[in-house]
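Here the structure comes first, spelled out in structure tokens, and everything after it is commentary.
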Amino acid sequence: MKVILCEDNKLLLQQLTSYIENYAMIENNSIEIILKCSHPLDLLSYIQLNRADCYFLDIDLGCELTGMDLAKQIRALDPIASIIFVTTHSEMLQLTFTYRIEALDFIIKDDFSGLKHNVLTALKTAYNKYTRIGKNLLTHYYQIKIGEFVKNINLQNILYFRASDVAHKINLYTIQGQFEFYQS
């Protein structure tokens, strides 16, 4: 699962990165941070060519573009991505409904003692959602599993499958590259 973080507080950005990377390393799953940024335009520029499966966004990013605006644009590009807000603005929770963002979680930064727990709980929920996407025929994704690594591949990006030279393995060729995995 690919994760993007957008937080204008450098210290908090490092903290979130540490929580997520340590969890991914301990669990040895497919969670990876592909972008950490403090300005929303960096994120918007990046997602024009790349997609993530989970976004951790601050609401007040210190510029004219808010986390809510960002989330709305993310949602327009990717209706199934998980969006998690990490903010000091608890009063903004209602706006997630007004903007029709369908946020997965809304974490309040002020509760620093529970921040790690809340971030990891939201991350686990997003990962569980991610692993269910490829199993649902209506989502148009094909899911492969290589050890503990789970990858959802959009059906539009699949070029072809081929039986591997190794028994019980399949080669999957996509626009992004090739994967080899056990499957019948």
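Quick notes on this one:
- Accessible area in square angstrom per residue, region 1-135, 1.4 angstrom probe: 50 Å²
- Shown is the FRET efficiency for LEU49 and ALA167, computed with R0 = 41 Å from the Cβ-Cβ distance and rounded to the nearest 0.05: 0.65.
- The sum of -39500 (n - 2.57) across all DSSP H runs of n ≥ 4, divided by the residue count of the chain, sets its helix-only mean residue ellipticity at 222 nm to -11000 deg cm²/dmol.
- Positive-end residue, the chain charge dipole about Cα centroid, Cβ charges, pick of THR139, ILE107, MET1: THR139
- Per-pair calculated FRET efficiency, R0 = 41 Å: SER18 and LEU137 via Cβ, rounded to 0.05: 0.65
- Unit charges on C-beta of K, R, D, E only; dipole of region 59-184, Debye: 600 debye
- Of the beta bridges in region 12-161, as assigned by DSSP with both residues counted there, near 45 percent are antiparallel.
The values are calculated or read from the model by the stated rules, or taken from the named source; none is laboratory data. Since we're looking at a predicted model, the values are computed, not measured. Cβ sites come from the backbone with ideal geometry, for glycine too, and all protein chains shown count toward neighbours. Just so you know, the surface numbers come from the protein's heavy atoms only, side chains and all, with ligands and any DNA or RNA stripped out. Shrake-Rupley method; radii C 1.70, N 1.55, O 1.52, S 1.80 Å.
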